[in-house]
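Here's the structure, in structure tokens; my notes come after.
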Amino acid sequence: MREYVRFSKNSKIHKLIGEILDVASWAIIPIQIMVILFTYVFQIATVKGDSMLPTLRDTDRLLVFQLNGRPNSGDIVIINAENAVLVGQDGFLYTTEGLHKSIVKRVIAVGGQTLDINSEEGIVYLNNEPLEELYTNTITQLPDSDNAFAYPFRIPEGFVFVMGDNRDISMDSRYTDVGLVAEEDIDGIVLSRIYPLESIGIIK
């Protein structure tokens, strides 16, 4: 005698629900992975202003790798500029009020490197060698007032010196409102532009 099982209508519904839940569980896994990645590894940042022209433009959206370590000279970074670090007359570092916002700038020098800015030449020197800054469209000059440091200036360990690529208007480490940036105040390194769509690509 042939054995068989006859499903009731309710059993078929239960089976369908089970299959839907099974598919949904597989769909949720990639979503969970994305949530974890964009919570602990990556973040999205939006550029405001023109201080990084021509590299970055106002309203550009950026994919940022959340940094846990020391950046390299040339990296473009997102900075928590709540505070500014300056050097007192006694030679010691002190913290003062900063811009109270996040900013995007390029790392020019890291701890242990010596930086010099020659306003007459408009050239930046790193460890006595002129930097070839193809990313700028302006020369580099020191501010007439509110100058943060005397040059040449050796960057203390644990800090970086940053500037915007659009040197004429960038508020950066040359000014007392920004000064030195502690490595712990660097929120991440810019990897690529993700918007606008026609400009998607790696940022250098």
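The values are calculated or read from the model by the stated rules, or taken from the named source; none is laboratory data. Predicted model only: the values in this text are computed from it and were never measured. In this analysis, Cβ positions are derived from the backbone assuming ideal geometry, glycine residues included, and neighbour counts consider all displayed protein chains.
Taking the conditions exactly as written (assigned to a loop (DSSP other than H, G, I, E, B), surrounded by 17 or more Cβ atoms within 10 Å (Cβ to Cβ) and at pLDDT below 95), does Pro143 satisfy them or not?
On the way: assigned to a loop (DSSP other than H, G, I, E, B): yes; surrounded by 17 or more Cβ atoms within 10 Å (Cβ to Cβ): no; at pLDDT below 95: yes.
So Pro143 does not fit the description; no.
If the requirement is being at pLDDT below 95, over 19 Å from Ser199 (Cα atoms), among the small types (Gly, Ala, Ser) and touching a helix residue (DSSP H, G or I) at 6+ places or on another chain (Cβ under 9 Å), which of these qualifies: Gly91, Gly69? Write out each step before concluding.
On the way: Gly91 fails: touching a helix residue (DSSP H, G or I) at 6+ places or on another chain (Cβ under 9 Å).
Testing whether each residue is at pLDDT below 95, over 19 Å from Ser199 (Cα atoms), among the small types (Gly, Ala, Ser) and touching a helix residue (DSSP H, G or I) at 6+ places or on another chain (Cβ under 9 Å) leaves just Gly69.
Is it true that some residue in the stretch 57-64 is of a type outside the set (A, V, I, L, M) and within 14 Å of the chain's Cα centre (by Cα)?
Taking the stretch 57-64 and keeping what is of a type outside the set (A, V, I, L, M), we get 57-61.
After this cut, where a residue has to be within 14 Å of the chain's Cα centre (by Cα) as well, the list is 60-61.
Yes - at least one qualifying residue is present in the stretch 57-64.
Anything in the stretch 112-134 that is part of a loop (DSSP other than H, G, I, E, B) and either touching a Pro at 6+ places or on another chain (Cβ under 6 Å) or of a type in the set (Lys, Arg) (or both)? List them, or say none. Break it down into steps so the answer makes sense when it comes.
We begin by selecting, within the stretch 112-134, every residue part of a loop (DSSP other than H, G, I, E, B); these are 112-113, 119-122, 127-128, 131-134.
Answer for the stretch 112-134, where residues must be part of a loop (DSSP other than H, G, I, E, B) and either touching a Pro at 6+ places or on another chain (Cβ under 6 Å) or of a type in the set (Lys, Arg) (or both): there is none.
I need the full set of residues from the stretch 146-186 which are of a type in the set (A, V, I, L, M) and either touching a Cys at 6+ places or on another chain (Cβ under 7 Å) or assigned to a loop (DSSP other than H, G, I, E, B) (or both), in order please.
Here is the first cut: in the stretch 146-186, the residues of a type in the set (A, V, I, L, M) are 148, 150, 155, 160, 162-163, 169, 171, 178, 180-182, 186.
If the condition is that a residue be of a type in the set (A, V, I, L, M) and either touching a Cys at 6+ places or on another chain (Cβ under 7 Å) or assigned to a loop (DSSP other than H, G, I, E, B) (or both), then Ala148, Ala150, Ile155, Ile169, Met171, Val178 are the ones that fit.
Val107 - would you say it is among the aliphatic types (A, V, I, L, M), over 21 Å from the mean Cα position of the chain (by Cα) and either modelled with pLDDT of 95 or more or surrounded by 15 or more Cβ atoms within 10 Å (Cβ to Cβ) (or both)? If you could, list the steps in order and put the result at the bottom.
Working: among the aliphatic types (A, V, I, L, M): yes; over 21 Å from the mean Cα position of the chain (by Cα): no; either modelled with pLDDT of 95 or more or surrounded by 15 or more Cβ atoms within 10 Å (Cβ to Cβ) (or both): yes.
Spelling it out, it is not the case that Val107 is among the aliphatic types (A, V, I, L, M), over 21 Å from the mean Cα position of the chain (by Cα) and either modelled with pLDDT of 95 or more or surrounded by 15 or more Cβ atoms within 10 Å (Cβ to Cβ) (or both).
Search the stretch 74-97 for residues being surrounded by 16 or more Cβ atoms within 10 Å (Cβ to Cβ) and among the polar types (S, T, N, Q), and hand back the single one that is nearest to the chain's Cα centre (by Cα).
It comes out as Asn80.
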